[in-house]
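Note sheet for the following structure.
The values are calculated or read from the model by the stated rules, or taken from the named source; none is laboratory data. These figures come from a predicted structure and were not determined experimentally. Quick reminder, even Gly has a Cβ in these numbers, built from the backbone with ideal geometry, and neighbours come from all protein chains shown.
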Amino acid sequence: MKRHLEMIMLNIGTIASVLAVSGCIETTPEVAISEPDPELIFVRGYRSAADDCRLVGESAFTLDFLDDAADLVACSTGSTDMDELMAQTGVPILTQTNSYTFFSVPRR
């Protein structure tokens with residue numbers, strides 16, 4: 001009986017450890033998208049003129065993503081500027097194409 005109880009406790013400890021570690025693993029979004037790049041209207045750099053992330057205007061592709069309370073921003077997928085935008089704003093990825101990752105950044 002004592003050995004049986006020890007085995008149960010060991011299994012509970014193992015499961016608890018696995019759950020704790022799996023909660024620490026960050027999942028990254030898939031970046032291999034086969035969606036072709038649409039015609040986009042870039043207005044300007046989002047945070048500065050040299051910013052790789054660009055404010056995007058209305059087009060047939062962006063129509064469903066535009067929101068009057070947020071800016072639609074497209075960054076080159078995998079760019080440093082994209083990583084910085086995600087870290088600064090905490091916004092999730094809205095959609096992706098072959099070259100661009102899109103975000104809806106709420107206006108403050």
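Structure above, values below:
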{"item": "Cβ pairs under 8 Å, 6+ apart, first in the range 54-73 and part of a strand (DSSP E or B), second of a type in the set (S, T, N, Q) and at pLDDT 95 or above", "result": "Asp67/Ser104; Ala70/Ser104; Asp71/Ser104; Leu72/Ser104; Val73/Ser104"}
{"item": "Test set (1) among the charged types (D, E, K, R); (2) closer than 15 Å to Asp37 by Cβ; (3) out of contact with any strand residue (DSSP E or B) (no Cβ under 6 Å at 6 or more places or on another chain) - Glu84 fails condition number", "result": "(2)"}
{"item": "Test: Asn11 is surrounded by 10 or more Cβ atoms within 10 Å (Cβ to Cβ), out of contact with any strand residue (DSSP E or B) (no Cβ under 8 Å at 6 or more places or on another chain), at pLDDT 60 or above and not in a strand (DSSP E or B)", "result": "no"}
{"item": "Any hit, the range 22-45, residues being at pLDDT 95 or above and surrounded by 17 or more Cβ atoms within 10 Å (Cβ to Cβ)", "result": "no"}
